[in-house]
Amino acid sequence: MKFNFSLFFIVVLFWGCSTTKSMTYNQAPKYNIIPYPAELLAQKGFFRVSKNVSMVIPDDNPELKANADYLNVFVKEKFGYTLKQSFYAKGTKLNASSLISFIKLKSIVQPEGYQLVISQDGVKIFFAEAKGQFYAIQTLLQLFQGETSYLPAVTIKDAPRYAYRGMHLDVARHFFSVSFIKKYIDYLAKYKYNNFHWHLTEDQGWRIEIKKYPKLQTVAAFRDETLVGHYSDQPHQFDGQKYGGYYTQDEIRDVVAYAKKRYINIIPEIEMPGHAQAAIAAYPELGCTEKAVKVATKWGVFEDVYCPNEQTFQFLEDVLTEVMDLFPSKYIHIGGDECPKKQWKESPFCQELMKKNQLKDEHELQSYFIQRMEKFINSKGRQIIGWDEILEGGLAPNATVMSWRGMKGGIDAAKQNHDVIMTPGSHCYFDHYQSTYSDEPLAIGGFTSLEKVYSFEPTPMMLSQKEARHIIGAQANVWTEYMKTPEKVEYMIFPRMMALAEVVWSPKGKRNFKNFVARLEPQLAQLKKEGANPANHLFDVKAKIFSGDGVKVELSTDAPSPTIRYTMSGDVNAASSVVNTKVAIENSGTLRAASFVNGQQVGHAVSIQFQMHKAAGKTIELINNPSPKYNSGGNNAIFNGVLGSDARYGDKEWLGWEGEDCAAIIDFGQATTCQSLKLRFFNGKGQWIYPPQSVDVFRSEDGRHFTKVKNFKVPDGRQRVITADFNFGIVTAKYLKIHIHRHGIIEAGRQGGGHEAWLFVDEIVVE
Ligand code: ACM
């Protein structure tokens, strides 16, 4: 005891002189809080939590005690004891030390705001409402990282930037147990999210018990089998295993109560009028055709949608009545996305209904559908949220819009004075890949790195102040086609949900990616220790390729500390050259690079195969820019000597065009002789990606007047990447123009029928 006591004082002295060193992890900053607080002032010293510390709690609100109990659960788990609690009446003066004092403070205006003061004498937590107390406790818990019982002294004043901070989970494509749902809710609470969007119904399964419609449980909740591998793998294969499940109403009540204690509102989503095949499989009269359908066994968008007849409206009102009984949420999500209009076009009933109601097209019919449901939901005192398609054909009067196909839907809705939750695919789809390494676990596609999520700005600059107030927050979506297990979900959400937490909570001006990464490292270690399965790409080498003035590569890691080494011959090791500036690529070959700490490789080694050709590194001009959704490598990526992935079009090499051709002018700088093109086109028809029809080659001496050299037809096929080798005969020219003619509108009856196909090109090799 004596020894411990003197050690205690040595530690106090040491901490008294040192403002930055932490006792528990070497270089990590002391205040590893995510999301970072609005204001944080580091103080000297610390407070040690021990059995002798007690909590004092205002005696007028049982919620405040419940939150203190919540803190005690963690204290018990971590230290094996609980802190004593005592209660005090309003007006009592608190002056004893060794206390964690919970104190109401009216001057804190934001209901979720709090102040946290840790000093050598104790911990004081100020708040106006119980939810502020809860967020202060979350901050306190993060300060306990590692094994330490020492809390660093600090003064924090905190409140969120956005009122809506959401995470979504699709439990229809794959089903998750109540115990995992609770864990997911705990993750949300830890990072100060306050909305859980529970996606409960889909083509592939109906997951909520509805007493009035038992076939939703016996039929719609189960599918015969499930697609194996990726949707783009042809031919499709299935596992032959019946799959499904649903939550009983008792389970749902239990989860809602669990979330409420963590200040998380649950928004149930009941999809309509599309993504309804499971319900139609159970009750075929809800569809527009007489044909029997089955619960879907593969992914995508399906033509069997609800028919806007009285039977359907009765069904949906009955369902929503039970749903609203279970979920106290102000918002009820009614879906509204991806509803093919084919059956409505072909249905005499729908056409008659349109005529009767003077609806000019099927989009207006969808709007009629949504507005009718909105009226019903409003009549129960609730409000609807819908995906941004609900803008098409006219927005329902009180609807909140979730903008997922980019920011535009959200901008349009805000301009029409509707509230908006931003959740664009570019930054907020956590079903996308998070690294470009080929051993990354299977995902739907795309590439949304941690840094990209961190860079997200939910409120577009172009909105006026008044319009901007309609952007109430942001959300990440977790679609689970390729997430069969809780471990996979954890891998996909961590650490990206921590980055988004900072986007929606912390002041914009306080955001700094490097600083975030420094706080993230110990948090990830902690999550792993607690049994979670986070991804960690912080030490992976990221390569950015520059082309135009030759080909050069910039190598970096998210983690600031490691040394990066590289080689162009063989494997990279601790003796390879250290990267100082950009690496210039002169010849074909493989660049390998990795990061090293204390002579040990950490993270993935990057390996890039360069196949230099006559146009690689040359100045180029693209006549149509690729879509900003698929240009992460920049326009020059199609002339940088590097091919794209054979499996994934979301990497930095593939460029994607939506509704435009790819046309490029190459400036060789001097007369150059060439004779052939090697082209590669991504072929993912399930994702609306089609090879082009044809390619024209032109030559020019001045870059303005071009003459056609040859036209080539592009072959189609079933392979993921279509390759085409075209020989156009020997040409000597200073400029070459390559015009790739896109596929055009996708044929009816296919995925994306009626929409423009995407065109993906990775490299235009000129020899
Ligand atoms: C969506 O991703 N279909 C909303």
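The values are calculated or read from the model by the stated rules, or taken from the named source; none is laboratory data. The shown structure was predicted, so the numbers you read here are calculated from the model rather than taken from an experiment. In this analysis, Cβ positions are derived from the backbone assuming ideal geometry, glycine residues included, and neighbour counts consider all displayed protein chains.
So the values come out like this:
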| quantity | calculated |
| --- | --- |
| Search result, residues across the stretch 608-627 that are in contact with a Leu (Cβ under 7 Å, 6 or more places away or on another chain) and farther than 14 Å from V765 by Cα | I608, P626 |
| Check on L450, out of contact with any strand residue (DSSP E or B) (no Cβ under 8 Å at 6 or more places or on another chain) and of a type in the set (A, V, I, L, M, F, W, C) | yes |
| Residues within the stretch 427-443 that are within 15 Å of the ligand (Cβ to nearest atom) and either surrounded by fewer than 21 Cβ atoms within 10 Å (Cβ to Cβ) or of a type in the set (F, W, Y) (or both), tallied | 2 |
| Members of the stretch 695-722 that are surrounded by 13 or more Cβ atoms within 10 Å (Cβ to Cβ) and touching a residue at least 40 places away in the same chain (Cβ under 8 Å) | V695, D696, V697, F698, R720, V721, I722 |
| Flag if F196 is of a type outside the set (D, E), in a loop (DSSP other than H, G, I, E, B) and touching a residue at least 60 places away in the same chain (Cβ under 8 Å) | no |
| Subset of the stretch 568-596 (residues that are modelled with pLDDT under 90 and β-branched (V, I, T)) | T581 |
| Number of positions in the stretch 71-105 that are assigned to a loop (DSSP other than H, G, I, E, B) and aliphatic (A, V, I, L, M) | 5 |
| Residues of the stretch 476-524 satisfying the condition of being free of Cβ contacts under 8 Å to residues at least 12 places away in the same chain and small (G, A, S) | G509 |
| Given (1) farther than 25 Å from P111 by Cα; (2) free of Cβ contacts under 8 Å to residues at least 24 places away in the same chain, index of the condition L83 fails | (2) |
| Filter result for V49 (exposed (fewer than 15 other Cβ atoms within 10 Å of the Cβ) and either closer than 20 Å to K261 by Cα or β-branched (V, I, T) (or both)) | no |
| Qualifying residue in the stretch 408-423 (condition: surrounded by fewer than 19 Cβ atoms within 10 Å (Cβ to Cβ) and within 14 Å of the ligand (Cβ to nearest atom)) | no |
| Unmet requirement for S179, which otherwise passes all of (1) surrounded by fewer than 17 Cβ atoms within 10 Å (Cβ to Cβ); (2) assigned to a strand (DSSP E or B); (3) among the polar types (S, T, N, Q) | (2) |
| Residue count for the stretch 498-527, restricted to those that are more than 15 Å from D558 (Cβ to Cβ) and crowded, with 23+ Cβ neighbours inside 10 Å | 5 |
| Candidate set: the stretch 733-767, residues that are part of a strand (DSSP E or B) and among the charged types (D, E, K, R); chosen: the one nearest to G650 (Cα to Cα) | D762 |
| Condition check for D651: of a type in the set (D, E), part of a strand (DSSP E or B) and surrounded by 16 or more Cβ atoms within 10 Å (Cβ to Cβ) | no |
| Counted residues, the stretch 697-727 - those being under 19 Å from Y649 (Cα atoms) and of a type in the set (D, E, K, R) | 3 |
| Checklist (1) more than 18 Å from I620 (Cβ to Cβ); (2) modelled with pLDDT under 95 applied to G703, failing item | (1) |
| Filter result for E451 (surrounded by fewer than 20 Cβ atoms within 10 Å (Cβ to Cβ), touching a residue at least 12 places away in the same chain (Cβ under 8 Å) and within 16 Å of the ligand (Cβ to nearest atom)) | no |
| Hey, K65 of a type outside the set (A, V, I, L, M, F, W, C) and modelled with pLDDT of 95 or more or not | yes |
| Leading residue by the ranking (surrounded by the most Cβ atoms within 10 Å (Cβ to Cβ)) among those in the stretch 455-496 that are closer than 21 Å to P35 by Cβ and among the acidic types (D, E) | E490 |
| Some residue of the stretch 366-378 being small (G, A, S), more than 16 Å from the ligand (Cβ to nearest atom) and over 28 Å from F539 (Cα atoms) | yes |
| Yes/no for A276 being small (G, A, S), away from the ligand (no atom under 16 Å from the Cβ), closer than 22 Å to T218 by Cβ and touching a residue at least 60 places away in the same chain (Cβ under 8 Å) | no |
| Near pairs, Cβ below 7 angstrom, 6+ apart or cross-chain, from the stretch 326-350 (in contact (Cβ under 8 Å) with a residue 40 or more places away in the chain and farther than 15 Å from M272 by Cα) to any residue that is within 16 Å of the ligand (Cβ to nearest atom) and not in a strand (DSSP E or B) | K342/E303 |
| I745 vs. criteria without any contact (Cβ under 8 Å) to a residue 24 or more places away in the chain and of a type outside the set (K, R) | yes |
| Single match in F315, F302, F349 (criterion: more than 16 Å from the ligand (Cβ to nearest atom) and surrounded by 15 or more Cβ atoms within 10 Å (Cβ to Cβ)) | F315 |
| Condition met for Y454 (at pLDDT below 95 and farther than 30 Å from M324 by Cβ) | no |
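Every residue, every condition in (1) at pLDDT below 95; (2) buried (at least 23 other Cβ atoms within 10 Å of the Cβ), yes or no:
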site: W198; (1), (2): no, yes
site: T201; (1), (2): no, yes
site: L227; (1), (2): no, no
site: D233; (1), (2): yes, no
site: K242; (1), (2): no, no
site: I252; (1), (2): no, yes
site: P273; (1), (2): no, yes
site: A278; (1), (2): no, yes
